[in-house]
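This report refers to the structure that appears directly beneath it.
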């Protein structure tokens, strides 16, 4: 016997004789025919049905062995942290195809000015900007700039792909670069700034291989003092030690804006606006006419 059969048996424990049922039904029919007709409003009828359904639901819910339906969990949007964004960019960078071309082209736009440089693998550089009157001019031999030191294309290709080993390599290069400030030799704070700037250069303006760019992104994600600014135009914003700003697009692993980068002549650029400069870098097979 199931729960509903048990309930039915409890409400009618004795069988009623058939002649009693027939007489009761006949009296009920006579009363219905003799009673004056009255209109039943649909609203009252609907309310009665709702009440009856509710009562039936209560009875079923309270039957032994039954349980009320569990509340459905509400969908909650996942919280994405700044560290996750940088690590996602590292994964995208790591699986991106390695670019090829005859020239490495860097374009920076800031304060309504645009500067462009082209580097060839044999060490030559070309420039276009306000000082050249919008023309592309050769500047002779030059090397790629990596914070306090410069690097060749071959050195970039052989950089460590482990984040800790990459930081060690960069720190050693900075320590032996012989670079100085106007106040004298580099201090510990100067070396830390150059280390962070070197990692930003690897992900923003230098032709580093995919695995090296990924290691640099992971190093930035773990770097002390990096603050997440949340979604901003162009991607996700970050505030770096020294009040430098960085805008990362995790979908493409590109740096869309930065307030810190090394110019082609080795100077450190500090953006005047909150977004800094718009930076793009890519391979190309030809110089513009």
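Values quoted throughout were computed directly from the atomic coordinates according to the rules given, and no laboratory measurement underlies them. Bear in mind the structure is a predicted one, so any value in this text is a computation, not a measurement. No Cβ is skipped: glycine too gets one built from the backbone with ideal geometry, and neighbour counts run over all protein chains shown.
A few remarks follow.
- Label positions at residue 188 and residue 84, each projected 7 Å from the Cα along the C-beta direction, are separated by 3.5 nm.
- For the pair residue 239 and residue 124 in one chain, pulling the backbone fully straight at 0.36 nm per residue adds 38.0 nm over the alpha carbon distance.
- Length gained on full extension, residue 251 to residue 131: 39.7 nm, using 0.36 nm per residue less the C-alpha separation.
- Put a dot 7 Å past the Cα of residue 162, heading toward its Cβ, do the same for residue 111, and the two dots end up 4.3 nm apart.
- The range 98-188 shape via C-alpha gyration tensor axes, a/c threshold 1.5: oblate
- Centroid-to-centroid separation of the range 195-243 and the range 119-146 [C-alpha atoms, Å]: 26
- Each residue, residue 267 and residue 153, gets one label point 7 Å from its Cα in the Cβ direction; the gap between the two is 2.8 nm.
- Shown is the FRET efficiency for residue 176 and residue 141, computed with R0 = 25 Å from the Cβ-Cβ distance and rounded to the nearest 0.05: 0.70.
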